[in-house]
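S.K.: Have a look at this one before I ask anything.
The values are calculated or read from the model by the stated rules, or taken from the named source; none is laboratory data. Please read these numbers as outputs of a predicted model, since none were measured by experiment. Please note: Cβ atoms are built from the backbone with ideal geometry, for glycine as well, and neighbour counts cover all protein chains shown. Quick note on the areas: whole protein, heavy atoms, side chains included, nothing else; ligands and nucleic acids left out. Shrake-Rupley method; radii C 1.70, N 1.55, O 1.52, S 1.80 Å.
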Amino acid sequence: MDLTPDLRMLRFPVGQAYALRDGRDVTLVDTGPPGSADRIAAALDGWGRVRRVVLTHYHADHAGSAREVSEWPGVQVAAHHADAQVVRGEAKGEWPAFTPAERELHAVVGAGLPDPPDVPQARVDIDLDDGDVLDGLQVIWTPGHTPGSIALRHGERGVLFTGDTAAERAGAVFLGPFNTDRERAKASFRRLAEPGVTTVCFGHGDPLLDERTGLLAAAAGDVEVPDPLG
């Protein structure tokens, strides 16, 4: 699904990834679950070539196909240094601190995926930190979902990729579930009230375009962060 002429959303059975094009070169934000590389290649055939993968966090529905895509010619993989250790297999991932409602939800949406600590290992070429800029994308460190969760903002294009810190469903924007540290995730959620954003891309949920981006700004500016599964 094309959100703009140079921004394409790739949907998977669980979650989605995004392709941001600059000329013929593509930065892929997340890679979908394991085994998604062929689907990604088909979605981008004739549209652009992946030169960079930026992972918003280590969970398998986002980093699951990083190893496969990293084997394509000329592709570099980037992730926040805290999560890069997990993707490389140098550290173990953490279980989310599930609420009872989240535990029930995860049993459904996580069926068939590796458990959160069991990340398919992949090469990570670039360790990112808060404030870094990569191909026009500014890294916003949003710990709480995982220790190294990030959002990405392209100021020139007005695009914000939230990762799983925020989610959307039926027009409502709220704190993403399955966090390792819920209070830290809420503080990170508040960082997403970014000015000048015209496109908001979630890891789960429909994107917000134009004036609808105000839904995220309103939710992030709310002292009581929306958290329907809290």
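S.K.: How much length would be gained if the chain were fully extended between Asp45 and Glu71, taking 0.36 nm per residue of separation minus their Cα-Cα distance, in nm to one decimal?
M.R.: Working: separation 26, 0.36 × 26 = 9.36 nm, distance 1.67 nm.
Stretched out fully, the Asp45 to Glu71 stretch lengthens by 7.7 nm.
S.K.: Please report, in debye to the nearest 20, how large the charge dipole of region 151-230 is about its Cα centre when each Lys and Arg carries +1 at its beta carbon and each Asp and Glu carries -1 there. Please report the intermediate quantities before stating the final value.
M.R.: Details: 9 positive and 12 negative charges, 34 e Å.
Once rounded to the nearest 20, the dipole reads 160 debye.
S.K.: In region 17-103, what chymotrypsin sites (Phe, Trp or Tyr not before Pro) fall in a loop by DSSP, with at most 16 other Cβ atoms inside 10 Å? Kindly include the intermediate steps, with their values, before the conclusion.
M.R.: On the way: sites: Tyr18, Trp47, Tyr58, Phe98; in loops: Trp47, Tyr58, Phe98.
Of the chymotrypsin sites (Phe, Trp or Tyr not before Pro), the ones in loops of region 17-103 whose Cβ has at most 16 other Cβ atoms within 10 Å are Trp47.
S.K.: How much mean residue ellipticity at 222 nm does the chain get from its helices, if each DSSP H run of length 4 or more adds -39500 (n - 2.57) and you divide by all residues, to the nearest 500 deg cm²/dmol?
M.R.: On the way: 7 runs with 51 residues, N = 230.
Dividing the helical sum by the residues of the chain leaves -5500 deg cm²/dmol.
S.K.: Turning to a different aspect of this structure: At 0.36 nm per residue, minus the direct Cα-Cα distance, what do Asp22 and Arg212 gain on full extension? Give it in nm, one decimal, please.
M.R.: Numbers: separation 190, 0.36 × 190 = 68.40 nm, distance 2.52 nm.
Full extension of this stretch gives 65.9 nm more.
S.K.: On alpha-carbon atoms, Rg over Rh for the chain using Kirkwood Rh?
M.R.: On the way: Rg = 16.0 Å, Rh = 17.2 Å.
Ratio value, two decimals: 0.93.
S.K.: May I ask you to give the solvent-accessible area per residue for region 52-199, in square angstrom, as obtained with a 1.4 angstrom probe?
M.R.: On the way: 5960 Å² over 148 residues.
Here the residues of region 52-199 average 40 Å² of exposed surface.
S.K.: Treating each Cα of region 63-174 as an identical point scatterer and ignoring solvent, apply the Debye formula and state log10 I(q)/I(0) at q = 0.13, 0.20 Å⁻¹.
M.R.: Ignoring solvent entirely, the Cα scatterers give -0.58, -1.26.
S.K.: Considering only DSSP states other than H, G, I, E and B, which GluC sites (Glu not before Pro) in region 124-223 qualify as loop sites with at most 16 other Cβ atoms within 10 Å? Provide the component values of the computation, followed by the final result.
M.R.: Values: sites: Glu156, Glu168, Glu183, Glu211; in loops: Glu156.
Those satisfying the criteria are Glu156.
S.K.: Leaving out ligands, DNA and RNA, what percent of the accessible area of the chain is carbon and sulfur, probe 1.4 Å? Numbers along the way, then the final one.
M.R.: Values: 4790 of 9710 Å².
Here carbon and sulfur together make up 49 percent of the probe-accessible area.
S.K.: For the chain, set up a Gaussian network in which alpha carbons nearer than 10 Å are linked by springs, and say which option among Ala122, Ala37, Ala218 fluctuates the most.
M.R.: Result for the chain, Cα springs under 10 Å: Ala218 fluctuates most.
S.K.: Report the equivalent ellipsoid semi-axes for region 94-149 in whole Å, largest first, defined as the square roots of five times the eigenvalues of the gyration tensor built from alpha carbon atoms.
M.R.: Values: eigenvalues 155, 44, 19 Å².
Its equivalent ellipsoid spans semi-axes of 28, 15, 10 Å.
S.K.: Sticking with this one: What would the Debye formula give as log10 I(q)/I(0) at q = 0.13, 0.22, 0.23 Å⁻¹ for the alpha-carbon point model of region 1-120, no solvent?
M.R.: Taken in order of the listed q values, log10 I(q)/I(0) reads -0.51, -1.23, -1.31.
S.K.: May I have the extent of the alpha carbons of region 123-167 along their three principal axes, as whole Å values ordered from largest to smallest?
M.R.: Per principal axis, max minus min of the Cα coordinates gives 28, 28, 17 Å.
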